[in-house]
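Heads up, the thing below is written out as structure tokens.
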Amino acid sequence: LNSNTKMDPILDSIKLVLEDARSFTNASFAGMDAASVCLITFGATVLLCSIINFLCDPEYTLLERMRTSFFKFVKSLPPVKKQIQAKKRESVVEVKKAFEAGHSSSKHPVFKELPKKSMTPAEVMAVAADYKAASVNWTNGSVSGTVYHGGEELTDLNAKVYKEFAWTNPLHPEVFNDVRRMEAEVVSMTCQLFNGDEEACGCTTSGGTESILMACLAYRNLAFDKGIRYPQMIVSTTAHAAFDKAAHYLRIRIVHVPSKPDGRVDVAAMRSAINKNTCMLVGSTPSYSHGIIDPIGEIAKLGLKYGVPVHVDACLGGFLLPFMEQAGFPLEPVDFRVPGVTSISCDTHKYAFAPKGSSVLLYRNAEYRKQQFFSYTGWCGGFYASPTMPGSRPGAVIAACWATLLHFGLEGYVDATKKIVGTARKIKAGVQQIEGVKLMGDPQMSVIGIGSDHFSAYRLADALKEKGWSLNMLQKPASFHICCTYVHTQPGVAERLIEDIHESAAALLKDPTAKDVGMGAIYGTAQKIPDPTIVDDIAMGFLDVCLSV
């Protein structure tokens, strides 16, 4: 009774407020016809919903949306729009000139349409040889990454296997049971290398990007099953851009957490970013940029604590990691031996030396894998089911991958790992002795990131380009790297690179404040532009040129 008595004044106040609101509303609409009242009410509701959606959109923060809206408005202004378009045209022209210069010595016309008459195999091969002459010579070890083996014996084996299985397609396992078995064996062998138990499983894909895309799809779908409407993944700023691509395609919010000064992800920052919508955590082994291995054990503990799947991106180092200890370079476990790790992506077309278009995605068990599968049994064409993005897939690539794994075996991969990582360690030690140059973190595998506190790292990369090197420029911070492959284990390659870095750095130290030129200037400018979509426009212009004749 006393409680009710105390509530009476509050209820009376609420009634008065509601009565005042009703009176105000009636007075405001007095004299209006019913249609006008409905239209005003509808318009106010739409406006209110739009404001709520803008302020409370779970996919993007308010700051992100305000930033995007602001730059979108600025870019729409005629003077700004004109300047951006002019810069894009200028970049496209430069790229076209570079491509055309590469084909200037070609003896054949551009094929813009089908030739009117059939060409013999010999004629086709003659044109192909002419085109090939325009490519960079990678056989001398001057190109970072790109070609991971290239040996004549392996090339011959792959060519023979490809010929035997050129027309196979895993979409029809009842017809091509041979390739079906090969794919299953590739997955099984890879599971064993990463210490998966009898429940571990996986699939092959067309490359690291598709492997990452499928893992993200699986965890997004798993989040949907749990009732999470707006899933988010948490990755380091050093994680591969394929995760951003997956987020873009699959509408997953991606949260980038910073890395520590040593290049490893800040696990404390990752823990702070976890919320009820988190669908996956990501660690790299190693990162593409500087070859740094993230603390997978610590990330996996977060996954176990908060019930979040953990993906290990071993696309780059996948076929080095399992052999590091036997090759004399022991590392902490980063595979299924670590509780909490639920999936691993591993490119067989890198250090497994399989032909391009080959990767493996592993899961701890089939419950995770089935989340990426697609099945539609209501189609008039019959039952349709596929494990990955494509329907038809090139069985010859799977067969060549299988053949390559058998050809090298455990012994061959341990030996290759010893040579490749040994070469990287030699370059690492050499760089540490060069004045004006620094290592980016403490790389343990095949990638050596190089920067400088004395002059622009881009100027050093350009100077090395003048000496015949084709290295990978990086940003945030300005740096570049050499990704060592089997090609770089040739005698004298590491020594030549160290000597060229030494000579170039010594020259740059004489004028450390000189401005960047060439690609270095482009990267430097890009980092200063506050709106990344402007750089995106220029990058897309580059893609347009690549796909044109």
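The values are calculated or read from the model by the stated rules, or taken from the named source; none is laboratory data. Being a predicted model, the structure only gives us computed values, none of them experimental. Positions of Cβ are generated from backbone atoms using ideal geometry, with glycine treated the same way; all protein chains shown enter the neighbour counts. In case anyone asks, the SASA skips ligands and DNA or RNA and just uses the protein heavy atoms, side chains included. Shrake-Rupley method; radii C 1.70, N 1.55, O 1.52, S 1.80 Å.
Does any residue of region 311-329 turn out to be more than 27 Å from R229 (Cα to Cα), in contact with a strand residue (DSSP E or B) (Cβ under 7 Å, 6 or more places away or on another chain), outside the structural domain of K476 (by the TED database) and at pLDDT below 95?
yes
Can you tell me which residues in region 481-508 are of a type in the set (S, T, Y) and within 11 Å of L464 (Cβ to Cβ)?
S504 - this is the single residue of region 481-508 that is of a type in the set (S, T, Y) and within 11 Å of L464 (Cβ to Cβ).
Go through region 382-399 and give me each residue that's open to solvent by less than 50 Å² (accessible area, probe 1.4 Å) and free of Cβ contacts under 8 Å to residues at least 24 places away in the same chain.
G382
Please find, within region 464-500, the residue that is surrounded by the most Cβ atoms within 10 Å (Cβ to Cβ) out of those that are outside any loop (DSSP other than H, G, I, E, B) and touching a Leu at 6+ places or on another chain (Cβ under 7 Å). Reasoning before the result, please.
Keep residues of region 464-500 that are outside any loop (DSSP other than H, G, I, E, B), which gives 464-466, 470, 472-474, 479-483, 486-489, 493-500.
Remaining after also requiring touching a Leu at 6+ places or on another chain (Cβ under 7 Å): 464, 480-482, 500.
Values: L464: 22, F480: 27, H481: 23, I482: 29, D500: 18.
By that ranking, first place goes to I482.
Among the numbered conditions (1) open to solvent by 20 Å² or more (accessible area, probe 1.4 Å); (2) in contact with a Cys (Cβ under 8 Å, 6 or more places away or on another chain); (3) not aromatic (F, W, Y), tell me where A424 comes up short.
(1)
Among I84, I51, which is out of contact with any Gly (no Cβ under 6 Å at 6 or more places or on another chain), within 21 Å of L543 (Cα to Cα) and not assigned by the TED database to the domain that holds A539?
Among I84, I51, only I84 is out of contact with any Gly (no Cβ under 6 Å at 6 or more places or on another chain), within 21 Å of L543 (Cα to Cα) and not assigned by the TED database to the domain that holds A539.
Check region 289-298 and report whether any residue there is among the hydroxyl-bearing types (S, T, Y) and within 22 Å of the chain's Cα centre (by Cα).
Within region 289-298, one or more residues are among the hydroxyl-bearing types (S, T, Y) and within 22 Å of the chain's Cα centre (by Cα).
Quick one: what pairs do we get from region 52-75, first residue at pLDDT 75 or above, second outside any helix (DSSP H, G or I), C-beta under 6 Å, 6+ apart or different chains?
Sorted first by the residue in region 52-75, then by its partner, the pairs are F71/D531.
For region 356-374, which positions are in contact with a strand residue (DSSP E or B) (Cβ under 6 Å, 6 or more places away or on another chain) and open to solvent by less than 30 Å² (accessible area, probe 1.4 Å)?
Answer for region 356-374, where residues must be in contact with a strand residue (DSSP E or B) (Cβ under 6 Å, 6 or more places away or on another chain) and open to solvent by less than 30 Å² (accessible area, probe 1.4 Å): S359, V360, L361, L362, Y363.
Out of all the residues in region 76-96, which are of a type in the set (S, T, Y) and either in contact (Cβ under 8 Å) with a residue 60 or more places away in the chain or closer than 17 Å to V535 by Cβ (or both)?
S91
Give region 221-237 a look and list any residue that's buried (at least 23 other Cβ atoms within 10 Å of the Cβ) and either among the acidic types (D, E) or within 29 Å of V447 (Cβ to Cβ) (or both), or say none.
M233, I234, V235, S236
Out of all the residues in region 143-155, is one or more aliphatic (A, V, I, L, M) and in contact with a strand residue (DSSP E or B) (Cβ under 6 Å, 6 or more places away or on another chain)?
Within region 143-155, one or more residues are aliphatic (A, V, I, L, M) and in contact with a strand residue (DSSP E or B) (Cβ under 6 Å, 6 or more places away or on another chain).
Can you confirm whether region 204-217 contains a residue that is among the β-branched types (V, I, T), in contact (Cβ under 8 Å) with a residue 24 or more places away in the chain, outside any strand (DSSP E or B) and closer than 17 Å to Y363 by Cβ?
Looking through region 204-217, at least one residue is among the β-branched types (V, I, T), in contact (Cβ under 8 Å) with a residue 24 or more places away in the chain, outside any strand (DSSP E or B) and closer than 17 Å to Y363 by Cβ.
Pull up region 126-162, narrow it to residues that are modelled with pLDDT of 95 or more and acidic (D, E), then point me to the one that is surrounded by the fewest Cβ atoms within 10 Å (Cβ to Cβ).
Of everything passing the filter in region 126-162, E152 is surrounded by the fewest Cβ atoms within 10 Å (Cβ to Cβ).
Go through region 299-355 and give me each residue that's open to solvent by 20 Å² or more (accessible area, probe 1.4 Å), touching a residue at least 12 places away in the same chain (Cβ under 8 Å) and not in a loop (DSSP other than H, G, I, E, B).
K301, L304, Y306, L321, P322 - these are the residues of region 299-355 that are open to solvent by 20 Å² or more (accessible area, probe 1.4 Å), touching a residue at least 12 places away in the same chain (Cβ under 8 Å) and not in a loop (DSSP other than H, G, I, E, B).
Report yes if E123 is charged (D, E, K, R), surrounded by 10 or more Cβ atoms within 10 Å (Cβ to Cβ), over 30 Å from I51 (Cβ atoms) and not assigned by the TED database to the domain that holds D536, otherwise no.
Spelling it out, E123 is indeed charged (D, E, K, R), surrounded by 10 or more Cβ atoms within 10 Å (Cβ to Cβ), over 30 Å from I51 (Cβ atoms) and not assigned by the TED database to the domain that holds D536.
For region 26-120, which helices (runs of 4 or more DSSP H) that fit wholly inside it have 3 or more residues that are under 30 Å from C279 (Cα atoms) and within 31 Å of the chain's Cα centre (by Cα)?
In region 26-120, 34-56, 62-76 are the helices (runs of 4 or more DSSP H) which contain 3 or more residues that are under 30 Å from C279 (Cα atoms) and within 31 Å of the chain's Cα centre (by Cα).
If you scan region 269-291, which residues turn out to be within 30 Å of A457 (Cα to Cα) and either open to solvent by 10 Å² or more (accessible area, probe 1.4 Å) or assigned to a helix (DSSP H, G or I) (or both)?
Residues satisfying the conditions are A269, M270, Y288, S289, H290.
Could you tell me which of the residues S105, S50 is open to solvent by less than 70 Å² (accessible area, probe 1.4 Å) and not hydrophobic (A, V, I, L, M, F, W, C)?
Working: S105 fails: open to solvent by less than 70 Å² (accessible area, probe 1.4 Å).
Criteria check complete, one pass: S50.
Check whether at least one residue in region 255-265 is touching a helix residue (DSSP H, G or I) at 6+ places or on another chain (Cβ under 9 Å), part of a loop (DSSP other than H, G, I, E, B), farther than 21 Å from A314 by Cβ and free of Cβ contacts under 8 Å to residues at least 24 places away in the same chain, and report yes or no.
Yes, some residue in region 255-265 is touching a helix residue (DSSP H, G or I) at 6+ places or on another chain (Cβ under 9 Å), part of a loop (DSSP other than H, G, I, E, B), farther than 21 Å from A314 by Cβ and free of Cβ contacts under 8 Å to residues at least 24 places away in the same chain.
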